[in-house]
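Notes for the one structure printed next.
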Amino acid sequence: MCGRFSLIHTPEDVEQFFALAGVDAFPPRYNIAPTQPVLVVTPAAARPEGSNLPDRQIHLMRWGLIPSWVKDPKDFPLLINARSETAATKNSFRAAMRHRRGLLPASGFYEWQRDPETKHSQAWWVPTSSGAIAAFAALFETYISKDGSEIDTVAILTTEAEPPFSEIHNRIPVTIQPTDFDRWLDVKNNEPKHVSDLLVPPQADFFEPVPVSDLVNKVSNSGSEVQERVRPKKLHHSEPATVEPDQPSLF
């Protein structure tokens with residue numbers, strides 16, 4: 001599960017990391033929640049011959065994928081994550097997995113470790129251990145409403161977590177390495193089966209979890225204080241969290 005994440009790297013960092021051009025200025029965002037706009041890197045439209053523009057571009061999309069076949073989004077669940085093990089076959093994600101794969105820039109994400117006895121939870125800020133940007137594997141769709149308006153929507157792919165992170169939660173975002181960006185984004189030449197080897201947990205030391213306070217539970221707390229280290233709560237033998245903090249409604 002990935003219920004919140006952060007992007008505190010600069011536009012210049014994002015531009016360089018993903019080999020983009022002309023990334024618009026944006027402020028640091030410490031507590032990004034579902035239904036909010038997020039940045040997504042996608043393949044660029046076909047370039048004219050001789051163009052020196054990069055073959056990737058970046059868009060703002062709504063976090064919470066809406067499949068094109070949905071009749072009324074108000075009656076449809078909020079799809080902020082997609083299980084990588086079944087995305088190629090599930091009706092909600094199958095078309096996007098084949099035709100619309102993207103990369104979501106993040107400085108890190110948040111997860112909640114739950115105590116099964118007391119039901120208390122410990123929030124964790126999970127940045128990359130190197131301080132570099134993480135590129136979450138993403139699927140996107142453009143939803144067209146009855147009145148003809150369009151909205152680009154996105155979900156983050158997750159996979160089964162491995163130790164030591166699995167002690168916090170049993171799911172973790174799929175992270176694509178820069179050497180695999182082209183292969184992941186190239187949907188013309190790479191079907192889902194050709195990129196299935198990328199849908200794996202990151203190396204054990206790729207992320208470095210930091211215990212943080214319950215401030216992150218509220219979307220209105222959007223400053224750097226949500227990432228300040230605290231003394232972790234004393235939990236009993238924990239199991240993966242089964243509930244997430246309050247999230248906004250679909251719209």
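The values are calculated or read from the model by the stated rules, or taken from the named source; none is laboratory data. Just so you know, these numbers come straight off a predicted model, no measurement behind them. Here the Cβ positions follow ideal geometry from the backbone for every residue, glycine too, while neighbour counts run over all protein chains shown. Remember, those area values only see protein heavy atoms, side chains included, never the ligands or the DNA or RNA. Shrake-Rupley method; radii C 1.70, N 1.55, O 1.52, S 1.80 Å.
Taken per residue, the accessible surface of the range 156-210 reaches 49 Å², heavy atoms only and a 1.4 Å probe. Extension gain for the segment R183 to A19, taken as residue separation times 0.36 nm less the Cα-Cα distance, is 57.6 nm to one decimal.
Over the residues of the chain, the helix contribution to mean residue ellipticity at 222 nm works out to -1500 deg cm²/dmol, using -39500 (n - 2.57) for each DSSP H run of at least 4.
Remind me, relative contact order of the range 24-70 in percent, using alpha carbon pairs under 8 angstrom and six or more residues apart?
Relative CO of the range 24-70 lands at 41 percent.
Would you mind checking the pairs K119/K234; K119/K218; K74/K188; K146/K218; K146/K188; K90/K193 and listing those with alpha carbons more than 23 angstrom apart? Violating the 23 Å Cα-Cα cut-off are K74/K188; K146/K218; K146/K188.
Compactness of the range 1-89 was expressed as the Cα radius of gyration divided by 2.2 N^0.38 Å, which yields 1.31. Listed peptides 64-74, 36-46, 108-118 appear in the order 108-118, 36-46, 64-74 once ranked by packing, highest mean of other Cβ atoms within 10 Å at the front. Residues in the range 74-137 average 39 Å² of solvent-accessible surface per residue, probe 1.4 Å, ligands and nucleic acids excluded.
Computing the accessible area with a 1.4 Å probe over protein heavy atoms, can you report the carbon and sulfur percentage for the chain?
51
H59 exposes around 60 Å² of accessible area when a 1.4 Å probe is run over every protein chain in place. As a length-normalised measure over Cα pairs under 8 Å and 6 or more apart, the relative contact order of the chain settles at 24 percent.
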